Structures are given as structure tokens and as C-alpha cells.
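Only one structure is covered here, and it is reproduced in the block below.
The values are calculated or read from the model by the stated rules, or taken from the named source; none is laboratory data. These figures come from a predicted structure and were not determined experimentally. A quick note on method: Cβ atoms are made from the backbone with ideal geometry, for glycine too, and the neighbour counts reach across all protein chains shown.
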Amino acid sequence: MSRPFRLPVAAARATWSATLGAASFMKRHPLLGAALVCVGLLSACVSGAAQQPDPFAADKPSAPAKPALYEPARGAYLGAALDTSQISGDAQTALTKQMGAFDDLAQRRQALFLHYLQFPNLQGEFGTWERDANGWISAQTFANACQSASATPVITLEPFAPRAFLDWKPGSKSYEATKAFAQGAGHWGHPVFIRFAHEMNGSWYPWSEWNDLNKNMRRDPGEETGFSAADYVRMYRNVAGMFRKYAPNAALIWCPNSGLLGGDKRDVFRPYYPGDDVVDWVGLDIYERGWTLPQPGAHLWGGQFAHNLTHDMADDPKTPENESANFYLLYGQWKRKPIMICETSATLSFRSDLTPVQRDQMSRDWRIGYWNSNEYGWLPAVYGTSDLPGMKFLEPIDRDFPMVKAIVWFQIGKREFIPAQRPDGSYAWFENEWADYRIGGSAAENEVSPFRQQEIDVYRSLTRSPYFLSEVEKGGVRTALAK
């Protein structure tokens, strides 16, 4: 799960003030302005003569892209990830009931529900489409429940023994298990999204290049997993090839984390990108947890969600330039891949340095606050559209990010280890604290937030827009597997 960076509002305002000041000066000295324009053009010509090859040439399209499999012509699918850990008995019936309950809460039917499966599990055992290796809810049971709820499943496959996929040949354990799983998905026959090995650019999964064992947000010697970006690409392509061959109903999602934690400032997306031919949709996981330890009374910058789509942790907030990778530009605009926000939410319930009352109030503000058109909570930032009466947003999703075609809200509460940055630049760790990401979630486990209904009402008002879709469209094409 992501640990997003929060751009200070003061920095953005300072940059804007400097821009206005320069514009005012040029109006008072038009001849100087003209001279500077000439100098600028000459400089551009000289530098252009010695210009290096475009480093992004391979990322730019060579031909118009066709709509991807299940890509809507306009709008974004609504979706949710629900806590299935307590499901027992008749799992399919219980899941369908749980999905219906969230639809009732939202007062909108969800187009997507997301599920997690270990493939293989920590012991290196693989399940099948019909049976989970841990005895948990299988892909087929979850998919059937989605079908009963008139929704489409998003199956997240987590390879907890990633090196198994590098032993890839007929007869090998990973090869045969993946083939069987893909065949099961194909035989099921209905639309399904497969998200394999997500958040590979983080530092918390075995399929990442390193794990932050020392908890210092720095890539130290000895923290490498031995599983490189090239290994990841090879693994992903092996798995994707099976779904391309045996499951024509499966749309493949490549889903990194929305930032960079620790290590040097580096390209956090492209080294892991497995290729246009094995990616139907690109995903991104984005969370807002108050990276800079905001105090009671703080306001959230309304542009934070948009900032996460276009920047990462390598960006320097003190400069107007974007020193990081622009995910939306790279994959949404250049490659024309539809974007699914596969996990998103906001909470401050884990902040054990605050009182329970403060945690509840700040979590509410971080999710639904609206102070002005420049400062508002995460739900308005994610779901805010240009047609919502009475509210204005910096970058409404329908106007500024039309390639975001699906949003899955992480409606789960759990205990986590979460880092944050103190004012002096050092790091604080909140260990095994209750992080309630649910709309209406509480600061205390097994308790009800006093602001639950307020949060539900805001979510309903935002997602009532016809821009949000409750049914997956059946059109589009899969990219052909390169030979």
C-alpha cells in the first residue's frame, strides 16, 4: 500500500506568486520582454542542434490506440475492496450479501469488487481457480458472488514465492499452476480483471527489489531481495502469456504503487513495466495518511490526489519542476492505457500520538472536509466532478483525468505499520496501529465513528454523478502478445 507525499500548500502558493510577479514586470517593460523572447528562441535553436535522443520515445505511441478490453467510452467504474476475512459458511452467499450491503451504503451499484489471493502462498503452494491454497475464498467463489451482485471481479494475485515463476517450463510447478488457473478463468467465461504482483516498486513485498528491514526509509546494504526489476518483468510476462492464451475474458492490470520510499531518486515505474502487449489496463494504488504528521486543525490540500497521479516521492517540493515520473502522462496520455485506481483511501486513525477524539475528527476531515476550493478531503479529491453543484475542485476527474476509468475504494480496517515524517526530517513509525480506511471508519477497532453518516452522505453525493458507472462495458480489445 502506498505512502503518499503531501505537497505543502505554501510551496504551491509561493510558486504561483512568483509567476504573477514576473508577468507584472514584463507588462511594465515590453521591450525587455521582446528581447528576452528573441534570446530564448536563439537559445532553443542552439540547444536543439545538440539535443540528445528523446528518452521517452519508446513510451510514446506510434499509432492510434484502440479502446482496451472493458474500457468505457466515457466515465469511471465504481468499485470497492471489502474485508472478507470474517466470511464463513456458505461463502458465496455471504459475499453476495456483503457486496449488496455496500451497494446499499453507497446507494449505487458497484461495477467492481476486488479480492486478494496468494499465488503461491508463503509455503510456495499454488491454488487453482476453484480452490485457494490457504483454504480461503477461491477465485471462482468470489467471481460467482460478483456475478450474483451484478458486478465484475478484480482478482489480485500475490506471488509470495516469486522466484518460482523464473523456473518456467512445461512441467514446472509455477508453469502448470498458472496454466490451470488461467484455464479456470477462461472456462468461467465472464469478464474478469487480473491484477498480478502489484506494488512491485515498493519496499514491502518479496517481489520488490528490496525490503526496508531497518525501517529507516533508506535502501541499506543487505536489504536487497535478490529479485530484480528484470526478474519482475520476466515473471509478469510469463504469467500474462498464460492468460493471453487460455483466458480471452481476462483483462490484465499492471499496478505499481504511487510513489517511492527509500533508496535513491530513480525511475519508479518504467523499469518494471512489462510491455504494452501484456498490459490491458494500468493500475495505481494511492493512499493519503498525512505524511507530514498534520496536527488538529490542519487542512488537506485539494490537489493531493492529482499530484499523486502526476508526481512521485522523487519530486522536490521546493522547485516548480517535476523531477519525478508523471504516471498519468506516461501511461494514460502517451500509451493510452485506461487507468484503474485499484486501491485508494484516507485515514489518520493510526495516529497514536493523538487522542481518540482527535483521530476521529481528523480522519473525518481528511476524508470529507471542504474548507474552500483549494483545500478539501480525499473523497472530494478522488470523486469530485465538474458537474457537482455547490462545490468547486482544483482538478475534477472528468475534466482533467478522463483516462482514469475505474476507482476502487479500500473499504477495510486493519492493523498496520505506517511511517511518517517529522518536521525535522526524521521518521516516526506507528507500529501495529489500527488503520481504518473505511468510509465511516472509527479511530478505535470495533467501534462506530460519530461521523459515520456524514462520511456516507458525502460519498453518496459525490458518486451520484452520472460520470460514475455501475456496469462494466463489454467492448474493447486485448493487445496482441508479441512474438
Are there any pairs, at least 6 apart or on different chains, whose C-beta atoms fall under 7 Å, with the first in the stretch 69-84 and under 13 Å from Q411 (Cα atoms) and the second part of a loop (DSSP other than H, G, I, E, B) and of a type in the set (G, A, S), and if so, which? L78/A111; L78/S470; G79/A111
Neighbours by Cβ (under 6 Å, 6+ apart or cross-chain): first from the stretch 302-330, more than 25 Å from M391 (Cα to Cα) and among the charged types (D, E, K, R); second buried (at least 19 other Cβ atoms within 10 Å of the Cβ) and modelled with pLDDT under 80: D312/G259; D312/L260; D312/S324; D315/S324; E323/D315
Would you please list the contacts, defined by Cβ atoms under 6 Å and residues six or more apart or on different chains, that run from a residue in the stretch 374-386 that is under 15 Å from L469 (Cα atoms) to a residue that is in a loop (DSSP other than H, G, I, E, B) and at pLDDT 95 or above? G384/F393; G384/P396; T385/P396; T385/S465; T385/Y467
Quick one: which of G171, G124 is over 28 Å from the mean Cα position of the chain (by Cα), at pLDDT 95 or above and surrounded by fewer than 17 Cβ atoms within 10 Å (Cβ to Cβ)? G171
When you go through T141, T225, T178 one by one, which is the residue that is among the polar types (S, T, N, Q) and within 23 Å of V477 (Cα to Cα)? T178
Could you grab me the full set of residues in the stretch 453-477 that are out of contact with any Lys or Arg (no Cβ under 7 Å at 6 or more places or on another chain), among the charged types (D, E, K, R), in a helix (DSSP H, G or I) and touching a residue at least 40 places away in the same chain (Cβ under 8 Å)? R460
Could you list, in sequence order, the residues of the stretch 330-350 that are surrounded by fewer than 22 Cβ atoms within 10 Å (Cβ to Cβ), of a type in the set (A, V, I, L, M) and out of contact with any Phe, Trp or Tyr (no Cβ under 7 Å at 6 or more places or on another chain)? none
Within the stretch 411-430, restricting to residues that are surrounded by 16 or more Cβ atoms within 10 Å (Cβ to Cβ), modelled with pLDDT of 95 or more and in contact with a Ser or Thr (Cβ under 9 Å, 6 or more places away or on another chain), the one that is nearest to M217 (Cα to Cα) is F430
